[in-house]
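The values are calculated or read from the model by the stated rules, or taken from the named source; none is laboratory data. Please read these numbers as outputs of a predicted model, since none were measured by experiment. Neighbour counts are summed over all protein chains in view; Cβ atoms, including those assigned to glycine, are modelled from backbone coordinates with ideal geometry. Only protein heavy atoms, including side chains, enter the accessible area calculation; ligands, DNA and RNA are left aside. Shrake-Rupley method; radii C 1.70, N 1.55, O 1.52, S 1.80 Å.
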Amino acid sequence: MIAEEINSGTRKILEKPSMSFWQIFNMSFGFLGIQFGFALQNGNASHILQIFGADVEHLSLFWLAAPITGMIIQPIIGHYSDRTWNRLGRRKPYFLTGGILSTIALAFMPNASMLLFLPPVLVGAGVLMMMDASFNVAMEPFRALVADNLPDRQRGLGFSVQTSLIGIGAVAGSLLPYVLARCLHIAKTAPQGHVPPNIIFSFYIGALILITSLLWTIFRTKEYPPAEYEKYYAEEPVVAEEKSNWLLTIFSDFKNMPRTMKQLGLVQFFSWFALFSMWVFMAPAVAQHVYHVAPGDTTSAIFADAGNWVGVLFGIYNGISAIYAMFLPSIARLTSRKTTHAISLLAGCVGMISVFFVSNPNLLILSMVGIGLAWGSVLAMPYAILCGSIPPKKMGVYIGIFNFFITFPQIVNGFFGGWIVKNIFGGQAIYAIVIAGIFMFCAAVCVLYVQDEQDIRFRKIDLVNQLN
């Protein structure tokens, strides 16, 4: 499609051409593989670390690897990807590097006990940190790639397609250990201190899918070269001297972030505090509260069943999010992006708190419906709101900085969540899930106060089009 020229006073802005659905699909397909691996980590890391000897109250400390590495790495990757251009492109070199490292980490994670000269739990934690760092290197440029290649009016669709692919990858990754054990009869138990074969093979398969999907996006997606990119943002000067001191530049950008980004930061804090609690404590909460597994039991079949069922539940909520994401643009047009996100977060609140009242494992599926609606919106709506408020030529670094509002609440939770579970909740992880639901409610309230000028502008344009 030929790019359009939009009059803005005396200035004409050249708008990027629209992309077809399949072009958008190919551009985000690599995220499916990343999320496949991420789902394996989310559903099984706590389970694996418990096998290696970690106590429940220490799990949140091990999980600090993800937010700490994300807080450090994503702004740096965003800053440099804004200034990169080589044979592969601008963003693609970074998620290829992250994908290769993630593949290696996935293959090694369940085999941490092979290094006999070190405690397996420390090796597992180290590999978890490497895996998180690699995922962060791979994930950050995908958000910026969507913003780079799509015109404003298609960004909501772009992030929704990306969210659906994330959901599909997460469903497959979450269900895989259960499918291998239930359908292919691969052993789900192992001797003390060893990871069951069904989980080991799941991680191998995940590594293969991750690298394959990334290569698909690399070979099927084009990026705008610098000369062409300049045509769409020629009115914004390039600040060449920023290259000389990247750290000061990132701090300066952080200080000068737009108001909308700051307001979204509070929403993200409550949302991601809740999600971190769910990822860390859902497995022990379901084992203790629903399956009534005895404290310290990590070798019984019922403990394995609880862990596998949590993987299935995580697959269900990711599946719900994948379907729901495709309806988000339509719902947002009927209401607003803020209202859509608030309703979705409220559904997540109900889903999380309802886990406390469930005694039948099958009824947890209903809880996952609400959580899936929230997750689908969390992955799409904040970015759709954000991208209209930040300078296009700083898209990468600001999306990286925005990750601070995702990682900081996880770090806070990581330091204090386990202590609270042990000393206040008496080791009962289910109460961490209830607190997560309360935080989701707070996020739903806060999003209503976010300034979304871009949404207002597009709704006015839609109204004018309808009247004409």
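Relative to the longest principal axis of the Cα atoms of the chain, the long axis of helix 65-82 makes an angle of roughly 20 degrees. Taking the longest Cα principal axis of the chain as reference, the axis of helix 197-220 is set at about 10 degrees. Summarising the label geometry, the points placed 7 Å from Cα in the beta-carbon direction at Asp55 and Glu228 lie 5.8 nm from one another.
Prolate is the label for the chain, because a/c, from the alpha-carbon gyration tensor with a ≥ b ≥ c as root eigenvalues, is 1.5 or above and a/b exceeds b/c.
Specify whether the C-alpha gyration tensor of segment 97-231 places it in the rounded, prolate or oblate class, a ≥ b ≥ c being the square roots of the eigenvalues: rounded for a/c under 1.5, otherwise prolate if a/b is larger than b/c and oblate if not. Prolate shape, in that a/c is at least 1.5 and a/b is the bigger ratio. In terms of packing, defined here as the mean over residues of other Cβ atoms within 10 angstrom, the peptides 435-445, 17-27, 32-42 line up highest first as 32-42, 435-445, 17-27. Taking the C-alpha atoms only, the angle from helix 364-378 to the longest principal axis of the chain is near 30 degrees.
The overall shape of segment 204-349 is prolate: from the C-alpha gyration tensor, with semi-axes ordered a ≥ b ≥ c, the ratio a/c is 1.5 or greater and a/b exceeds b/c.
Counting only protein heavy atoms and a 1.4 Å probe, tell me what percentage of segment 314-365's accessible area is made up of carbon and sulfur.
Percent of accessible area from carbon and sulfur atoms in segment 314-365: 76.
Evaluating 6.51 cos²θ - 1.76 cosθ + 1.60 at θ = phi - 60° for every residue in segment 386-394, the Karplus couplings come out as 5, 5, x, 10, 10, x, x, 6, 10 Hz, glycine and proline recorded as x.
Near the amide H of Ala187, within less than 5 Å, lie the amide hydrogens of Asn198, all on another chain or at least 5 residues away, with H placed in the peptide plane.
For segment 18-85, give the percent of accessible area contributed by carbon and sulfur heavy atoms, probe 1.4 Å, rounded to a whole number.
Working: 1290 of 1950 Å².
Heavy-atom surface of segment 18-85 belonging to carbon and sulfur, 1.4 Å probe: 66 percent.
With helices as the sole contributors, the chain gives -24000 deg cm²/dmol at 222 nm; each DSSP H run of n ≥ 4 counts as -39500 (n - 2.57), and the sum is divided by every residue.
With the cut-off at 32 Å, tell me which of the pairs Lys394/Lys422; Lys338/Lys422; Lys92/Lys255; Lys231/Lys262; Lys188/Lys222 have Cα atoms farther apart than that. Working shown, then result.
On the way: Lys394/Lys422 43 Å; Lys338/Lys422 37 Å; Lys92/Lys255 28 Å; Lys231/Lys262 30 Å; Lys188/Lys222 43 Å.
Table pairs above 32 Å Cα-Cα are Lys394/Lys422; Lys338/Lys422; Lys188/Lys222.
Whenever you get a sec, compute what percent of the accessible area on segment 166-305 sits on carbon and sulfur atoms (1.4 Å probe). After summing per-atom areas, the C and S share lands at 66 percent. Taking GluC sites (Glu not before Pro) in DSSP loop states with no more than 15 other Cβ atoms inside 10 Å as exposed sites, the chain has its longest site-free stretch at 236-468. Rolling a 1.4 angstrom probe over the protein heavy atoms with all chains in place gives the chain an accessible area of 41 Å² per residue.
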